[in-house]
Amino acid sequence: MDKIADQKRAVQYLYPPIDPFDQRMLDVGQGHQIYVEQCGDPNGIPVVVLHGGPGGGCSPAMRRYFDPHVYRVILFDQRGCGRSRPHASVINNTTWHLVEDIERIRRTLGIEQWCVFGGSWGATLSLIYAQEHPDRVLRMILRGVFLMTRVELDWFYGGGAGKFWPETWGRFVSLIPSDERDDLIRAYNRRLFSGDLSQETRYARAWSAWENALASIHSNGSSGESPGEYARAFARLENHYFINGGFLEFDGQILAHMGRISHIPAVIVQGRYDMICPPSSAYRLAELWPACQLKMIRNAGHALSEPGISSELVRVMDQIAEEVL
């Protein structure tokens, strides 16, 4: 979702490019190694960045939302994607594995508490992590809220968003026989895990294209073809998590457990015209969160690289730096 044209316009709001001062592969067990990097000030305010997807991986642009003289920025590729290994693997890959991975990173780096910054699926994971470990979270900064509910999945994979993008939706649906279209997540699952690499890659590209095409408010309904390796990891992991309801105990779990983190200061930055994660989820979340500020960004969609979203996230992080220091 970061590889779209808006990035060129959003970049003016970001801090200059920066290289990590630490890069490592961390063995987290169950056959997985995850890529972890740190940049900015080693003695600064720690902030962990949780990327979207699942399966999206982190990018160098994600380092640039934070003042490098103030923040110690920790990025990592979640299990199975980016530079983490094994690539595109869903074995021992659940929300609860990822929550434990985040804690392992925190302990390994000797951090007591940190800010948690996440968008889309990264917002989902941020919320679940914080609800499990509220004592470890200083602040939360969320973008494009996704609560991993059946209603949200039905919106995006059941034809809701498709009513606004019928031609794009038509391309996504056309690869599936008509008698399987009542459950597109399951239909794609059969093909993404068929064991035939060429078929998996073909359907992975179609799965990724549907989401990428709707990420920006300036979209024309099409997106460039993703590299096969990236698309396969992204689509397989996302589908794996979605078909399992995010591995939550029940639908609506995040909202039901908001009492655990209602005291943690938070800011939600939400695109008013987010087609992937509609604003109603962010609104419902903020209603249950006394310590939360909801920032609705007009003329913005879902992508992190939307100019309005980028500028607001940088402003929020600068403001937090002033308050904490």
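The values are calculated or read from the model by the stated rules, or taken from the named source; none is laboratory data. Every value quoted in this text rests on a predicted model; they were computed, and no experiment measured them. Quick reminder, even Gly has a Cβ in these numbers, built from the backbone with ideal geometry, and neighbours come from all protein chains shown. The protein model used for the area step is the full one, side chains on, heavy atoms only, and it has no ligands, DNA or RNA in it. Shrake-Rupley method; radii C 1.70, N 1.55, O 1.52, S 1.80 Å.
What share of the DSSP beta bridges in the chain is antiparallel, in percent to the nearest 5?
Values: 13 of 37 bridges.
Looking only at bridges with both residues in the chain, the antiparallel portion is about 35 percent.
Could you tell me which chymotrypsin sites (Phe, Trp or Tyr not before Pro) in the stretch 10-50 are loop residues by DSSP with no more than 14 other beta carbons within 10 angstrom of their beta carbon? Working shown, then result.
Details: sites: 13, 21, 35; in loops: 21.
Hits after loop and neighbour filter: 21.
Under 5 Å from the amide H of residue 252 lie the amide H atoms of 150, each residue being 5 or more positions distant or on a separate chain, with H modelled from the backbone and absent for Pro and chain starts.
Evaluated with a Cβ-only charge set (Lys, Arg +1; Asp, Glu -1), the stretch 1-91 carries a dipole of roughly 240 debye about its Cα centre, given to the nearest 20. In the context of the full set of protein chains, residues of the chain present 40 Å² of accessible surface per residue (probe radius 1.4 Å, heavy atoms only).
Of the residues 95, 124, 108, the one that moves most in a GNM of the chain with alpha-carbon contacts below 10 Å is 108. Shown for the stretch 1-127 is the translational diffusion coefficient from the Stokes-Einstein equation, using the Kirkwood radius over Cα pairs, a temperature of 25 °C and a viscosity of 0.890 mPa s: 165 µm²/s.
Across 127, 313, 175, mean-square fluctuation computed from a Gaussian network of the chain (C-alpha pairs under 10 Å connected) peaks at 175. Projecting the Cα atoms of 48, 91, 71 onto the charge dipole of the stretch 1-111, computed from C-beta unit charges around the Cα centre, puts 91 farthest toward the positive end. Remark on the stretch 221-263: Rg and Dmax equal 15.9, 43 Å (Cα only). Rolling a 1.4 Å probe across all protein chains gives residue 182 an accessible area of roughly 140 Å². Going by a ≥ b ≥ c, the root eigenvalues of the Cα gyration tensor, does the stretch 282-325 fall in the rounded group (a/c under 1.5), the prolate group (a/b larger than b/c) or the oblate group? The shape class here is oblate. Distance distribution P(r), the stretch 79-128, all Cα-Cα pairs, bin width 10 angstrom from 0: 22, 52, 25, 1 percent. Rounded to the nearest 20, the size of the Cβ-charge dipole of the chain about its Cα centre is 360 debye, with Lys and Arg at +1 and Asp and Glu at -1. The per residue volume of the convex hull around the alpha-carbon atoms of the chain is 120 Å³. Quick one: grab the alpha carbon gyration tensor of the stretch 179-304, order the square roots of its eigenvalues as a ≥ b ≥ c, and give me rounded if a/c is under 1.5, else prolate or oblate depending on whether a/b is larger than b/c. Oblate shape, in that a/c is at least 1.5 and b/c is the bigger or equal ratio.
Relative contact order of the stretch 160-209, taken over Cα pairs closer than 8 Å and 6 or more residues apart, is 23 percent. With a ≥ b ≥ c taken as the square roots of the eigenvalues of the C-alpha gyration tensor of the stretch 240-325, please select rounded if a/c is under 1.5 and otherwise prolate if a/b is larger than b/c or oblate if it is not? Oblate is the answer for the stretch 240-325, as a/c is 1.5 or above yet b/c matches or exceeds a/b. Take every Cα pair under 8 Å whose residues are at least 6 apart in sequence, average their separation, divide by the length of the chain, and the relative contact order is 21 percent. Ranking of 172, 164 by solvent-accessible surface, largest first: 164, 172 (1.4 Å probe, protein heavy atoms only, all chains present). From its DSSP helices (H runs of at least four residues, each -39,500 (n - 2.57)), the chain gives a residue-normalised ellipticity at 222 nm of -11000 deg cm²/dmol. Residues in the stretch 179-193 carry Karplus couplings, in order, of 7, 10, 7, 6, 8, 5, 4, 5, 4, 5, 4, 4, 8, 6, 10 Hz; the curve used is 6.51 cos²θ - 1.76 cosθ + 1.60 with θ = phi - 60°, and Gly or Pro positions show x.
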